[in-house]
Amino acid sequence: MNKFSCTRSLGEDIFYATLIAENEQQAREMAIDETNKKWSRNGGRPREWSVRVLESGVDGPARIIDCGHREA
């Protein structure tokens, strides 16, 4: 498992998520799901999210650590 930082820009809005996932695809899907729950379908598509590994070899399970929104 890895710790990921995921971000998405939408106009002047920036959505972000920090999470534990097995791979980049799972991280994107988790970020989209959490964003859609909190901000009414603003999660977009997987290719619209930037994903970066913050830490490798993290203990599971897969989970959201933080998810937020701010204006650019």
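The values are calculated or read from the model by the stated rules, or taken from the named source; none is laboratory data. The model shown is predicted, which means the values in this text are computed figures rather than measured ones. Cβ: placed from backbone, ideal geometry, glycine included. Neighbour counts: every protein chain shown.
In the stretch 1-52, what count of residues is obtained for those that are assigned to a helix (DSSP H, G or I) and without any contact (Cβ under 8 Å) to a residue 40 or more places away in the chain?
Within the stretch 1-52, residues that are assigned to a helix (DSSP H, G or I) and without any contact (Cβ under 8 Å) to a residue 40 or more places away in the chain number 17.
If residue 12 meets every condition in (1) at positive phi; (2) touching a strand residue (DSSP E or B) at 6+ places or on another chain (Cβ under 7 Å); (3) surrounded by fewer than 16 Cβ atoms within 10 Å (Cβ to Cβ) apart from one, which number is that one?
Only one criterion is unmet by residue 12, namely (1).
Considering only residues that are charged (D, E, K, R) and closer than 18 Å to residue 69 by Cβ, look in the stretch 43-58 and name the one that is surrounded by the most Cβ atoms within 10 Å (Cβ to Cβ).
We begin by selecting, within the stretch 43-58, every residue charged (D, E, K, R); these are 45, 47-48, 52, 55.
Now narrow it down to the ones that are closer than 18 Å to residue 69 by Cβ: 45, 48.
Values: 45: 9, 48: 14.
Ranking the candidates gives 48 first.
State whether one or more residues within the stretch 47-59 are closer than 15 Å to residue 8 by Cα, at pLDDT below 95 and of a type in the set (Lys, Arg). Before you say what the answer is, go through the steps one by one.
As a first pass, look at the stretch 47-59 and keep what is closer than 15 Å to residue 8 by Cα: 47-52.
Now drop any that are not at pLDDT below 95, which leaves 47-48.
Next, only the ones that are of a type in the set (Lys, Arg) stay: 47.
Yes, the stretch 47-59 contains at least one residue that is closer than 15 Å to residue 8 by Cα, at pLDDT below 95 and of a type in the set (Lys, Arg).
Only one of 35, 7, 18 is in contact with an Asp or Glu (Cβ under 7 Å, 6 or more places away or on another chain) and among the polar types (S, T, N, Q). Can you tell me which?
18
In the list 30, 1, which residue meets the criterion of being more than 11 Å from the chain's Cα centre (by Cα) and surrounded by 17 or more Cβ atoms within 10 Å (Cβ to Cβ)?
Just a single option satisfies the conditions, and that option is 1.
How about the stretch 24-63: which of its residues are touching a Lys or Arg at 6+ places or on another chain (Cβ under 9 Å) and over 14 Å from residue 7 (Cα atoms)?
55, 56, 58
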